[in-house]
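Visitor: My questions all concern the structure below.
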Amino acid sequence: MLNGIGLGMLYFLLAVGLTIIFGLLQFVNFAHGAFYLLGAYLTYDFVERGMNFWLAMVLAAVIVAVVAGVVEAVLLRRIYKLPHTFHILVTVGIALFIQELVIILWGPLGGSVAAPSVLNGVVMVGDFIYPKYRLFMIGFTAVLAIGLYWALERTRLGAIVRAGSESSENMALLGYDTLRINTLVFAAGAGLAGLAGALVAPIRGVEPFMGIEALSIAFVVVVIGGMGSYVGALVAGILVGVVQSLMATIWPEGARLMIYLGMAAVIVLLPRGLYGRA
Amino acid sequence: MNRRSFLSSTAGAGALLATPALIRAAYAADLLKVGIPVPISGANAANGKYASMGALLAAEEAAAKYGRAVQTFDLDTEGKPATAVRKVQDAIDRDQIKLFAGGILSSESLAMGKECEKGGANFITTAGADEITGTDCNKATFRWSVPTFGAINQSIRPIIDALPNAKRWYTITPQYVFGEGLLKAAQDVLTEKGLDLVGNSYHSLTEKEFSGYLTNAMAERPDVLLILNFGAQCADTLRQAVSFGMKERMTIVVAWASGLEQFEALGADLCEGIYFGAQYWHTVDAAQNAELVKLTQAKYGITPNYSLAGSYICTKLMIDAAQTAGSDDPAAVRAALEGLAYQGLTGDETIRAADHQVMKNYYLLKARAKADMADKDDYAEIISSGQSFLSAEEAGCKLG
């Protein structure tokens, strides 16, 4: 069960940026996996150069956020008004560009990122064995989830962002720069993807196609939780993680299949997802 | 300019302009084409990338040696049998390619071998499933790598001998023909030796998260964790197994490593003490291998890994056979390959005519500590090597 929760928190981390961007901007970002990929590779690169892991992680997330902010300001803000198919087309293009760039810069081979030494090894309590780093990740993601929820629901900035998603015209009339708010939201969502990549790197290493897998899981979580729902992403992430982990025990070969079956069932029974907007 | 001089000038200019086309036509007629169907995208893209480099090396070497044009054509299979078959079909029909060297995964290789037979082409692969030169063998398909039967026998028997107290084994297996082949061979050896296979976890070919399977394995308290998957999945399994502290609690064996590239991706610290079965290792004492190491370092500035070496030797075998046959006619090339004895990357190698399987060594490596590495590629030492093959009859091969 703990393994499932750990996996679920990881999936939440993958999905949260995607759901925030969709919820607040109504924008389908297929480049989300590529930002995750970039975050992982930047961390890998920094650590390889001898940088402290924690600094590398923060720096990678910030760089990804800045890159995403520039992409939004230069390109994406021009297509917000277009149908979702255009969003998909452009962001898939961005994703492929980033993926190829990663291959050019770091080569086709993957690499490993050492966890910080304080988190090396396992925790043992009787028969219970669990990697310290995964325990840290559960705790870190839980704190991050609470912090994000607080920021979105309880702060003035969060209120502005939420209001902007409801009516950008009214916000503009009130004197707020909605273009800047959109850029900020997009950069923050992508930065979270970059942070997820950085955090996951010590567990799964890095390889140039990791973004595609992350994107598919992120979409499963977002669809099950409800497009744009923050709480939905958290609940669905944990749900998917626990189901996958339990299935690995009961029916290992079907563990991954069950994730997609679960998503199909939710689409059929609850088309808006568990916490989707009406 | 009078009419005569105009006509002669025009004719001369026309002939001059036509000459490159004539040269091109003559060149094209002599051009030897080899299709390289390997995954250049997807989970095994790194293997495909190196395979492409190895094939190119063989083509350039042959062109220089034989004084003829040899060209390789990369066909991205994406690691998917359906895509692989479509690419091979197109290459045969549209590009008139009759010789193919490639296939990283067994599933795609089985499918491509059948397609080559149907399309009147020849195919040589490094994929491992026993069926390729066993029950699903065909006259068009050759295989350089030792199949799963030999890989298991050469990788786990020495460990069983070295670790008499290791009674409990646990396997992690990808659920497709390659994994099933490794698992079956492992079950047979363990049963013969009176050891217990205390559990097995199957996983899909797209799996990235192995923590659930690893916790299942730990619950069974095995003495040996035998990893039967390949490439990126194998790296993921190992990385996560080490993070779960399994290296300190049991012996970890990878039955079919993808070689130097895997060590580079994982790093020496993570690999230290782990056993790896391998088709190829760059320090193997063989003249042809020394030549390949030299060639690879000269062209790419790297040491050859398994993907590069396997593709190099497969492409080289096809080209050399076409040269011996004096044509790229698949039947003639096939005849030149059958029964061929040659100096290979692992020493003396022979292509068994009965099932088109190359008889060659398989290696068991043990990863060194970083401090013990003599150079940046000295990740492991060869613990043992040898050959284990079923006969063509035992493997179930009946070539038509």
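The values are calculated or read from the model by the stated rules, or taken from the named source; none is laboratory data. As the structure is a prediction and not an experimental result, all values here were calculated from the model. Quick reminder, even Gly has a Cβ in these numbers, built from the backbone with ideal geometry, and neighbours come from all protein chains shown. These area figures cover heavy atoms from the full protein model, side chains too; ligands, DNA and RNA do not enter into them. Shrake-Rupley method; radii C 1.70, N 1.55, O 1.52, S 1.80 Å.
Visitor: If we scan region A:79-91, do we find a residue that is open to solvent by 40 Å² or more (accessible area, probe 1.4 Å), modelled with pLDDT under 90 and within 30 Å of B:S258 (Cβ to Cβ)?
Guide: no
Visitor: Another one. Which one of A:I146, A:I203, A:I212, A:I217 is in a helix (DSSP H, G or I), open to solvent by 50 Å² or more (accessible area, probe 1.4 Å) and within 30 Å of B:S258 (Cα to Cα)?
Guide: Among A:I146, A:I203, A:I212, A:I217, only A:I212 is in a helix (DSSP H, G or I), open to solvent by 50 Å² or more (accessible area, probe 1.4 Å) and within 30 Å of B:S258 (Cα to Cα).
Visitor: A further question follows. How many residues does region A:59-76 hold that are open to solvent by 80 Å² or more (accessible area, probe 1.4 Å) and either more than 17 Å from the chain's Cα centre (by Cα) or acidic (D, E) (or both)?
Guide: Selection size over region A:59-76: 2.
Visitor: Could I ask something else about it? Consider region B:79-130. How many of its residues are farther than 24 Å from B:S258 by Cα, charged (D, E, K, R) and in contact (Cβ under 8 Å) with a residue 40 or more places away in the chain?
Guide: Looking only at that region, the number is 3.
Visitor: List pairs: first residue in region A:174-193 and within 18 Å of A:L10 (Cα to Cα), second residue open to solvent by 40 Å² or more (accessible area, probe 1.4 Å) anywhere in the structure, Cβ distance under 7 angstrom, at least six positions apart or on different chains.
Guide: Qualifying pairs under 7 Å: A:G191/A:V62.
Visitor: Name the residue, out of B:A91, B:A82, B:A111, that is assigned to a helix (DSSP H, G or I) and touching a helix residue (DSSP H, G or I) at 6+ places or on another chain (Cβ under 6 Å).
Guide: After applying the criteria, what remains is B:A111.
Visitor: Need the failing condition index for B:T83 against (1) surrounded by 24 or more Cβ atoms within 10 Å (Cβ to Cβ); (2) out of contact with any Pro (no Cβ under 7 Å at 6 or more places or on another chain), just the number.
Guide: (1) is the only condition that B:T83 fails.
Visitor: Looking for something in contact (Cβ under 8 Å) with a residue 40 or more places away in the chain and in a loop (DSSP other than H, G, I, E, B) - is there at least one such residue anywhere in region B:178-196?
Guide: For region B:178-196, residues in contact (Cβ under 8 Å) with a residue 40 or more places away in the chain and in a loop (DSSP other than H, G, I, E, B): absent.
Visitor: Same structure again: With (1) touching a helix residue (DSSP H, G or I) at 6+ places or on another chain (Cβ under 6 Å); (2) farther than 22 Å from B:Y66 by Cβ; (3) assigned to a loop (DSSP other than H, G, I, E, B) as the list, and B:L364 as the residue in question, which single condition is left unmet?
Guide: (3)
Visitor: Then there is this: How many residues, within region A:35-58, are open to solvent by 20 Å² or more (accessible area, probe 1.4 Å), in a helix (DSSP H, G or I), of a type outside the set (A, V, I, L, M) and closer than 16 Å to A:A115 by Cβ?
Guide: Residues that pass the stated criteria total 4.
Visitor: A further question follows. Here are some conditions: (1) in contact with a helix residue (DSSP H, G or I) (Cβ under 8 Å, 6 or more places away or on another chain); (2) more than 30 Å from B:I160 (Cα to Cα). B:D329 meets all but one. Which one does it not meet?
Guide: (1)
Visitor: Restricting to region B:386-400, count the residues that are polar (S, T, N, Q) and either in contact with a Leu (Cβ under 7 Å, 6 or more places away or on another chain) or surrounded by fewer than 13 Cβ atoms within 10 Å (Cβ to Cβ) (or both).
Guide: Looking only at that region, the number is 1.
Visitor: Further, regarding this structure: In region A:19-34, what residues are away from chain B (no Cβ under 14 Å) and open to solvent by less than 10 Å² (accessible area, probe 1.4 Å)? I'd like the intermediate steps shown before the answer.
Guide: In the first step, residues of region A:19-34 are kept if they are away from chain B (no Cβ under 14 Å); the result is A:19-32, A:34.
Matches in region A:19-34: A:T19, A:I21, A:G23, A:F27, A:N29, A:A31, A:H32, A:A34.
Visitor: Here's another thing I want to ask about it. Within region A:149-184, count every residue that is at pLDDT 90 or above and under 20 Å from A:I63 (Cα atoms).
Guide: Of the residues in region A:149-184, 2 are at pLDDT 90 or above and under 20 Å from A:I63 (Cα atoms).
Visitor: Could you tell me whether A:L135 is within 13 Å of another protein chain (Cβ to nearest Cβ), surrounded by fewer than 17 Cβ atoms within 10 Å (Cβ to Cβ) and farther than 30 Å from A:E72 by Cβ?
Guide: yes
Visitor: Any idea which residue in region A:247-257 is nearest to the other protein chains (Cβ to nearest Cβ), counting only those that are assigned to a helix (DSSP H, G or I) and surrounded by fewer than 18 Cβ atoms within 10 Å (Cβ to Cβ)?
Guide: A:E253
Visitor: Against the condition surrounded by 14 or more Cβ atoms within 10 Å (Cβ to Cβ), part of a loop (DSSP other than H, G, I, E, B) and within 14 Å of chain B (Cβ to nearest Cβ), how does A:V102 come out, does it pass?
Guide: Considered against the rule, which asks whether it is surrounded by 14 or more Cβ atoms within 10 Å (Cβ to Cβ), part of a loop (DSSP other than H, G, I, E, B) and within 14 Å of chain B (Cβ to nearest Cβ), A:V102 comes out as no.
Visitor: Here are the criteria: (1) within 14 Å of chain B (Cβ to nearest Cβ); (2) surrounded by 14 or more Cβ atoms within 10 Å (Cβ to Cβ); (3) outside any loop (DSSP other than H, G, I, E, B); (4) touching a Phe, Trp or Tyr at 6+ places or on another chain (Cβ under 9 Å). Tell me which single one A:V123 does not satisfy.
Guide: Result: A:V123 passes all but (2).
Visitor: While we're here: When only residues in region B:49-79 that are within 11 Å of chain A (Cβ to nearest Cβ) and farther than 14 Å from B:C314 by Cα count, which is least open to solvent (accessible area, probe 1.4 Å)?
Guide: B:G79
Visitor: Cβ contacts < 6 Å: first residue within 9 Å of chain A (Cβ to nearest Cβ), restricted to region B:204-231; second residue of a type in the set (D, E) and in a loop (DSSP other than H, G, I, E, B), any location; separation 6+ or different chain. Result?
Guide: Cβ pairs passing all conditions: none.
Visitor: Something else: Suppose we filter region A:221-246 for residues that are open to solvent by less than 10 Å² (accessible area, probe 1.4 Å) and either out of contact with any Gly (no Cβ under 8 Å at 6 or more places or on another chain) or on the phi > 0 side of the Ramachandran plot (or both); how many remain?
Guide: Counting residues in region A:221-246 that are open to solvent by less than 10 Å² (accessible area, probe 1.4 Å) and either out of contact with any Gly (no Cβ under 8 Å at 6 or more places or on another chain) or on the phi > 0 side of the Ramachandran plot (or both) gives 1.
Visitor: If you take the residues in region B:159-190 that are over 20 Å from B:M250 (Cα atoms) and away from chain A (no Cβ under 12 Å), which one is surrounded by the most Cβ atoms within 10 Å (Cβ to Cβ)?
Guide: Once the filter is applied, the top-ranked residue is B:L182.
Visitor: Of B:I313, B:I302, which residue is under 20 Å from the mean Cα position of the chain (by Cα), under 23 Å from A:L109 (Cβ atoms) and without any contact (Cβ under 8 Å) to a residue 12 or more places away in the chain?
Guide: Only one candidate passes the filter, namely B:I302.
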